[in-house]
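The values are calculated or read from the model by the stated rules, or taken from the named source; none is laboratory data. The model shown is predicted, which means the values in this text are computed figures rather than measured ones. Neighbour counts run over all protein chains shown; Cβ positions are idealised from the backbone, glycine included.
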Amino acid sequence: MKKTVLITGAAGFLGSHLCDRFIKEGYHVIAMDNLITGDMRNIEHLMKLEHFEFHHHDVTKHIHIVGELDYIMHFASPASPIDYLKIPIQTLKVSSLGTHNVLGLARVKKARVLVASTSEVYGDPTVHPQTEEYWGNVNPVGPRGCYDEAKRFMEAITMAYHNTHQVETRIVRIFNTYGPRMRLNDGRVLPAFIGQALRGEDLTMFGDGSQTRSFCYVSDLVDGIYRLLLSDYVMPVNIGNPSEITIKEFGEEILKLTGAKQKLISLALPKDDPKQRRPDISKAKALLDWEPKVNRAEGLKITYEYFKSLPHDELFKTEHRDLEKLNK
Ligand code: UDP
């Protein structure tokens, strides 16, 4: 008998890569998405498979699944600063009400649940690199508050269901991740820079570009998450690539990779933009025998090829989703 996994946010960037991995591992995959920021094109290659089913559903509403479930992966959420600025209420609801529904479902199905948390729980960190023991420096009423606090609530309610109802839970804290299927216009730095390079525009660096990030290629991330799910470790685990780079250097790498002749221009730094971010991955190494394998040069090349392969007019479309309309 195949094991069954429910993946929320399945049509998104990470969700769709998880679908691929679970199909490859021989699972029956139930994919769920409300398609606010997800895109069916990310999973259309799976739609005809016997062991893949798609449910168009918003997880902030009661989730009904017929039959047994072994695992739930809760990956539904807007995840770029631009998205959660546009739809803060949905962002809060999906990680609070949505997580509550997912945990309730896990409880009745006796399924193990893994929730997708984030390095944003550390806010603008004063401890560097970030270990799982650091409690963070988050502004609850700032522009990132709706995402950061929702994810912190998600971790809290997940632990509460574990401690109170003995639900088997896992919490991954995901650091910046990139790869094919990122949305070209989601505002995140990598698609922004590659899109600008391909359109012949200058690259928009926010602030002086001295802020740092550490970028993990998506296949590495998915592997770490898969190992965490199958482990017996309940407390949060950082998954990310510790190779840290300033945004300025990152922009220069993209210019070199694409051969673009434009320059980096400096725009205003958004409020509460974390100054530095790098995961301490000692736990993942020790507990999961995991560390990233794909270096940035390789990962960026694959990702660039993906963006180049998109229909040319997509490059010039602004975001076709009217996210504000959904803000109720
Ligand atoms: N950034 C930038 N130019 C852009 C988009 C983002 O310089 O066009 C910067 C942003 O200010 C941040 C970093 O790149 O310091 C990463 O931003 P992203 O939105 O990708 O994710 P974050 O890690 O901030 O959630």
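Taking the stated definitions as given, is THR99 more than 12 Å from the ligand (Cβ to nearest atom), surrounded by 19 or more Cβ atoms within 10 Å (Cβ to Cβ), farther than 23 Å from ARG227 by Cα and modelled with pLDDT of 95 or more? Give the steps one after another, and end with the answer.
Values: more than 12 Å from the ligand (Cβ to nearest atom): yes; surrounded by 19 or more Cβ atoms within 10 Å (Cβ to Cβ): yes; farther than 23 Å from ARG227 by Cα: no; modelled with pLDDT of 95 or more: yes.
When the stated conditions are applied, THR99 does not pass them.
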Open item on the list: Show the residue pairs meeting these rules: Cβ distance below 7 Å; 6+ apart or different chains; first residue within segment 121-140 and among the basic types (Lys, Arg); second residue modelled with pLDDT of 95 or more and surrounded by fewer than 19 Cβ atoms within 10 Å (Cβ to Cβ).
Closed with: none
TODO: Would you mind listing the helices (runs of 4 or more DSSP H) fully within segment 205-304 where at least 2 residues are of a type outside the set (Lys, Arg) and away from the ligand (no atom under 16 Å from the Cβ)?
DONE: 218-230, 282-288
Open item on the list: If LEU190 meets every condition in (1) part of a helix (DSSP H, G or I); (2) within 11 Å of the ligand (Cβ to nearest atom); (3) within 17 Å of the chain's Cα centre (by Cα); (4) surrounded by fewer than 22 Cβ atoms within 10 Å (Cβ to Cβ) apart from one, which number is that one?
Closed with: (4)
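Hey, can you tell me all the residues within segment 169-183 that are in a loop (DSSP other than H, G, I, E, B), of a type outside the set (Lys, Arg), farther than 18 Å from GLU249 by Cα and within 12 Å of the ligand (Cβ to nearest atom)?
Kept after step one, since they are in a loop (DSSP other than H, G, I, E, B), are these residues of segment 169-183: 175-176, 179-183.
Checking the rest, the ones that are also of a type outside the set (Lys, Arg) come to 175-176, 179-180, 182.
Pick out the ones that are also farther than 18 Å from GLU249 by Cα and you get 175, 179-180, 182.
Within segment 169-183, PHE175, MET182 meet the criteria.
Could you pull out the residue among GLY38, GLY98 that is closer than 23 Å to ASP186 by Cβ and in contact with a Gly (Cβ under 7 Å, 6 or more places away or on another chain)?
On the way: GLY98 fails: in contact with a Gly (Cβ under 7 Å, 6 or more places away or on another chain).
Sole residue among the options that is closer than 23 Å to ASP186 by Cβ and in contact with a Gly (Cβ under 7 Å, 6 or more places away or on another chain): GLY38.
Within segment 22-98, which strands (runs of 3 or more DSSP E) (wholly inside it) include 1 or more residues that are of a type in the set (D, E, K, R) and out of contact with any Phe, Trp or Tyr (no Cβ under 7 Å at 6 or more places or on another chain)? Please lay out each step first, then the result.
Working: elements: 28-33, 52-56, 71-74.
So the answer is 28-33, 52-56.
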TODO: Report the residue count in segment 155-182 for those that are more than 21 Å from GLU132 (Cα to Cα) and of a type outside the set (A, V, I, L, M, F, W, C).
DONE: 7
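Here is a list: GLN166, GLN130. Which entry is more than 12 Å from the ligand (Cβ to nearest atom), polar (S, T, N, Q), more than 16 Å from PRO81 (Cβ to Cβ) and out of contact with any helix residue (DSSP H, G or I) (no Cβ under 8 Å at 6 or more places or on another chain)?
Values: GLN130 fails: out of contact with any helix residue (DSSP H, G or I) (no Cβ under 8 Å at 6 or more places or on another chain).
Answer to the check: GLN166.
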